[in-house]
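Data first, discussion second: the structure below is written as structure tokens.
What follows draws every value from the coordinates through simple rules; no lab data is involved. It should be emphasised that the depicted structure is a prediction, and the values quoted were computed from it without experimental measurement. Ideal geometry is used to build each Cβ from the backbone, glycine not excepted, and the neighbour counts take in all protein chains shown.
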Amino acid sequence: MKFKPSLLKTLLFTVSISSFSAMAADYSLNLSTSLSPDDPIYKGLQSFKKEVEKRSDKKIRIKLFSSGQLGADNELLQHAQSGSNVGIIVDGARLASFVPELSILPAPFVFPDYAAQKKFIQSDVFRSWEDRLGGASGLVPLSFNWYQGGRMLVTKKPIHTPADLHGVKVRALEAPVTIETIKCMGGEPVPLSWSEIYSSIQTGIVDAAEAQPTAVYGSKLYEITKNITKTNHIHLMTGIIVSKKWMDSLPEDLQKILQEESEKQGNLASEETLKKEQELLGVMAKSGVSVDEVDVTPFKQACASVPEKLGLKDAYDQVQKVIAE
């Protein structure tokens, strides 16, 4: 869905006629995700909303927007920077212009699994990156533990090696780390918003995507593709990002509620994502999609230089040190 300034303006600035005013909330937050309502992350956000409103005695009201309804992530981040009461679920690639090291989170084959990435985001190293984000951007994470799953190749033909992706146009997030990842894996990156992916594959603007099983299922990509290749080249960890100015306007007890519930519900949603991955792969296989196991060694070797190429070698080394401890 294309971003509509009038919708966002009404939600963020027209206090006297907003639904939040009628609810008599002291503070309101419009929380956006590009994911579908069926995604475990969105269901986690519903629990987050419920518990925050309950614990705050409805002093905080949260309105959820799925499927990118509120606007494009980058535009929403800009509104949050200006102090607006908007929150967005995003990964490190979206925040790398402020703290470059955050690009290592979605870099290819850096983390072997969810457990390793969870260990890293609980480290002092990662906390220091979060602290820098507030000063550099005016944005702060409530928590960065919302795991969306292992990303896989979603194509119209079988993929076994990087050579098989040669000439294949793959949808990419408009971020250097994502673009370089698709290139090193053999494909041709085409920057597109996630909301455009279904129609873009249908019309041939792109031939393929790379995404986690929950997103593939939620966007119904299994209807128009034939193969899912289990590369798990990225383990996608995301966070709820809000305006530092807005967060600082809240009393400390309400800030604490937001942070605690984001951490708690993020962990629960992440566990549900892990459960759903295999279940949904099975569902899509029954629909006729071939779900393929491959030797990822050639892909790992082809992508080994990406951290250094993007100036992330030190960040990569810090990650490996933490997860090896």
Nonlocal amide H pairs with Ile234, under 5 Å, H built at 1.01 Å:
Phe109, Arg151
Pseudo-spin-label distance Lys230 to Asp38, built 7 Å along Cα→Cβ, given in nm, is 2.1
Please compute the contact order of the chain in relative form: average sequence separation of alpha-carbon pairs under 8 Å and at least six residues apart, divided by the residue count, as a percent.
25
Report the Cα-based extents of the stretch 5-324 along its three principal axes, largest first, to the nearest Å.
58, 41, 33
Please give the length that would be gained between Asp113 and Glu271 if that part of the chain were fully extended, namely 0.36 nm times their separation in residues minus their C-alpha to C-alpha distance (nm, one decimal).
55.6 nm
The chain, helix-only ellipticity at 222 nm - DSSP H runs n ≥ 4, -39,500 (n - 2.57), divided by all residues, nearest 500
-13500 deg cm²/dmol
Relative exposure of Phe111, Phe144, judged by other C-beta atoms within 10 Å (fewest first):
Phe111, Phe144
Kindly write out, for the stretch 276-293 in residue order, the coupling ³J(HN,Hα) from the Karplus curve 6.51 cos²θ - 1.76 cosθ + 1.60 (θ = phi - 60°), rounded to whole Hz, with x marking Gly and Pro.
6, 3, 5, 4, 6, 4, x, 4, 5, 5, 5, 7, x, 7, 8, 9, 10, 8
Within the chain, the percent of DSSP beta bridges that are antiparallel, given to the nearest 5, stands at 55
Inter-probe distance in nm under a simple model that places probes 7 Å from Cα toward Cβ, at Glu293 and Lys58:
5.3
In sequence order, what are the phi-derived ³J(HN,Hα) couplings for the stretch 183-188 according to the Karplus relation 6.51 cos²θ - 1.76 cosθ + 1.60 with θ = phi - 60°, rounded to whole Hz, with x for glycine and proline?
4, 5, 7, x, x, 10
Sorted by Cβ neighbour density within 10 Å, fewest at the top, the residues Ser56, Ser200:
Ser200, Ser56
Could you tell me the calculated FRET efficiency between His160 and Lys286, based on Cβ-Cβ distance and R0 = 25 angstrom, to the nearest 0.05?
0.65
Semi-axis lengths (Å, descending) of the ellipsoid that matches the C-alpha gyration tensor of the stretch 70-202:
28, 19, 12
Any of Lys59/Lys264; Lys156/Lys220; Lys183/Lys226; Lys119/Lys230; Lys49/Lys118; Lys226/Lys286 with alpha carbons more than 18 Å apart? Name them for me.
Lys59/Lys264; Lys183/Lys226; Lys119/Lys230; Lys49/Lys118
Expressed as an acute angle from 0 to 90° and rounded to the nearest 10, what is the orientation of the C-alpha long axis of helix 124-137 relative to the principal long axis of the chain?
60
Using each residue's phi in the stretch 104-120, evaluate 6.51 cos²θ - 1.76 cosθ + 1.60 at θ = phi - 60° and report the 3J(HN,Hα) Karplus result to the nearest Hz, with x for Gly and Pro.
6, 4, x, 6, x, 6, 7, 10, x, 6, 4, 4, 5, 5, 4, 4, 5
Could you list Leu312, Leu64, Leu105 in order of exposure, starting from the residue whose Cβ has the fewest other Cβ atoms within 10 Å?
Leu64, Leu312, Leu105
Gain in length, Gln78 to Lys264, computed as 0.36 nm per residue apart minus the alpha-carbon separation, to one decimal in nm?
64.3 nm
